[in-house]
Amino acid sequence: MMDELEEIVYKHALMNAKKHKGSANPKAVMGSIMANEAELRSRASEIGPLSGQVVAKVNQLSMEEIDEEMEKFNLVIKKNKPKKREGLEELPGSHENIVMRFAPNPSGPLHIGHARAAVPNGEYVKKYGGKFILRIEDTDPKRVYPDAYDMIVEDLKWLGIEADEIYYQSDRFEIYYKYAEELIKKGSAYMCTCEGGEFKKLKDNCKPCPHRDQSVEENLKLWREFPDMEAGTAVLRIKTDINHKNPAIRDWVAFRIEDAEHPRLGNKYRIYPMMNFSVSVDDYLMGMTHVLRGKDHLANSEKQSYLYKHMDWDMPEFIHYGRLKMEDIPLSTSKAKEGIENGTYSSWTDPRLGTLRAIARRGIQSETIWNLMVEIGVKMSDSAISWKKIFGLNRNIIENKANRYFFVENPIEINVLDCPDKFKDFTLKKELHPDYPDRGFRKLKFNGSVYIPQEDYKDGHIRLMDLINVDVHGDEVKFNSESFEESKKLKAKIIQFVPTDGAVNAEVVMDDGSIKKGFCEPDCTNLNVGDIIQFERFGFCRLDELKEDLLIFYFAHK
């Protein structure tokens, strides 16, 4: 029969033996007891020798006997939970001289969906000490919003990314033409003058276009006549596998005629490269080692592989990630632009939009977006985010930074009758942040008169937060008591207030575009534009505009 101490040692020895295939270690058993049985640490001198004796007995048991003994004592080995991955997965291939790029179309400012690509590229470059290239892909003149050229750089800077090099594809047309000619001379590209529907029928039936076998000379002749042709009469195609299982990959278009004025080029060019051509050439010439892209680009990656093979170029590592589903977050740049033009939205910073500059204006921190995108990672499975997720991450960051103030919406003035003398000229000092008293205090002067929210003016008991308890009956408000304990007995509703002495006009632009008007406390005039604060029991807000007689805030979230 074992005594209590011996039984404890025996249990730890069984657990250790189970973990190590029947071979328990006295020192490990001793360490386990010291770590898990705090009340026995004073008896270490007894436990040491006893551990050796008990372990010797346990090690003579078979694994079946150990299992039986463990079952008798209800002992279970707890499996260590796998550690949650922190940060992004390792990049495949070499990690030396990493070069990565973010390549947006300048159709508008960046939105949170763009951060899905920008942040992982930025994070990997930072991790491996590589080079970050910003490439503005503006080879579709119909999709260029001129202001976006600067907006994209500004938005990346807000995210914390400054590109090592910036390129504009509209500056590189002569480079694309040079490589188009090389491909023609290699017999890897040809001029096709088939009508679009006719070519589709051939392609869908795995039949080559009649122009596919034109001589190099004939293709070069047509290529040089290309700029003078009518739009839609010809394209330059890259040869692929005409029997490829995916019809979209069969002999894809590399150049087409585009009769549209380009914001940077005017009408200088009519022959425009298609995305798969310009991207492949640029990724090679810019030394791209890794290319991150959505899995909707899997076919494009395969298309581009043909150009790499034709040119005998080394391909970068292509990493494809899943779709990012964004609940309740409008991302369509074209719809946002249309909404701005017709007055639905005030600007690209309208709080209802998902642009980076809109969420920044509301007080969402760039760190929030960065952390979110790193957390999502670059896995192939789809991910979903929502405002709720963003707000939760942002709250963790700004909770400790945001000082507290009062805001009263739809204010009405009340005069408290029968106040004790001490409250007839009283200053309430409240900490700017309850967890950081060293930040100082805000002062709310009370002389019996305050503003409270109109919706809180109801018969019954009210507690003016951290001040006094009052009774409301009709048009009359009377002093009841001072203590918080008394307010609990009264079941008084705790409400914010703003002193009538020094009250400041304030407006809060809400996340749905509506505006709440009221007063905030006098010390809010000490804020600077851009400061994030918390209006107690209202939510986190960012000061957007500071006028002489009005403060304008943007609501972030609760």
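The values are calculated or read from the model by the stated rules, or taken from the named source; none is laboratory data. Every value quoted in this text rests on a predicted model; they were computed, and no experiment measured them. Here Cβ is always computed from backbone atoms with ideal geometry, including for glycine, and neighbour counts include all displayed protein chains. Quick note on the areas: whole protein, heavy atoms, side chains included, nothing else; ligands and nucleic acids left out. Shrake-Rupley method; radii C 1.70, N 1.55, O 1.52, S 1.80 Å.
For the chain, the antiparallel share of DSSP beta bridges with both residues in that region comes to about 65%.
A Förster radius of 25 Å combined with the Cβ-Cβ distance from ALA299 to ASN205 puts the calculated FRET efficiency at roughly 0.80.
Per residue, the chain exposes 50 Å² of solvent-accessible protein surface, assessed with a 1.4 angstrom probe and all protein chains in place.
Eigenvalues of the alpha-carbon gyration tensor of region 104-254, scaled by 5 and square-rooted, set the equivalent ellipsoid semi-axes at 37, 18, 16 angstrom, largest first. The gain in end-to-end length when the ILE412 to ASP171 segment is fully stretched comes to 80.6 nm, 0.36 nm per residue minus the alpha carbon separation.
Taking 0.36 nm per residue of sequence separation and removing the Cα-Cα distance, the GLU367/GLU182 pair yields an extension gain of 62.0 nm. What FRET efficiency, computed as 1/(1 + (r/R0)^6) with R0 = 41 Å and r the Cβ-Cβ distance, is obtained for ASP259 and MET286, rounded to the nearest 0.05? E between ASP259 and MET286, to the nearest 0.05, is 0.90. Over region 9-56, Cα pairs under 8 Å with separation of 6+ residues give a relative contact order of 45 percent. Per-residue extension of 0.36 nm, minus the Cα-Cα distance of ASN528 and SER107, leaves a gain of 148.3 nm for this segment.
To the nearest whole percent, what portion of all C-alpha pairs in region 8-55 is separated by more than 15 angstrom? Taking all Cα-Cα pairs of region 8-55, the fraction more than 15 Å apart is 32 percent.
The value of relative contact order for region 311-444, using C-alpha pairs under 8 Å at least six residues apart, is 22 percent. Spin-label pair ILE340-SER483: with each label point 7 Å from Cα along the Cα-Cβ axis, the two points sit 5.9 nm from one another. Tell me the label only: which of (1) 12; (2) 43; (3) 34 is percent of Cα pairs over 48 Å apart as calculated from this structure? Recomputing percent of Cα pairs over 48 Å apart here picks out (2). For the chain, the mean residue ellipticity at 222 nm estimated from helices alone is -10000 deg cm²/dmol, where every DSSP H run of n ≥ 4 contributes -39500 (n - 2.57) and the total is divided by all residues, rounded to the nearest 500. Within region 254-334, DSSP assigns beta bridges of which about 45% are antiparallel (rounded to the nearest 5). Treating each Cα of region 231-379 as an identical point scatterer and ignoring solvent, apply the Debye formula and state log10 I(q)/I(0) at q = 0.12, 0.13, 0.14, 0.16 Å⁻¹. Each listed q maps to, in turn, -0.80, -0.91, -1.00, -1.13. For region 15-69 versus region 350-386, the spacing of their alpha-carbon centroids is 51 Å.
If you build the convex hull over the alpha carbons only and average its shadow over all orientations, what do you get for region 1-111? Give it in nm² to one decimal.
Taking the Cα atoms of region 1-111, their convex hull projects to 14.6 nm² on average.
At the listed q of 0.13, 0.15, 0.25, 0.26 Å⁻¹, the Debye profile of region 214-262, built from one uniform point per Cα, gives log10 I(q)/I(0) equal to -0.39, -0.51, -0.98, -1.00. What is the distance in Å between the Cα centroid of region 463-514 and that of region 197-222? Spelled out, the Cα-based centre of one part sits 79 Å from the other. For region 380-421, a Kirkwood radius taken over Cα pairs fed into Stokes-Einstein (37 °C, viscosity 0.692 mPa s) yields D = 215 µm²/s.
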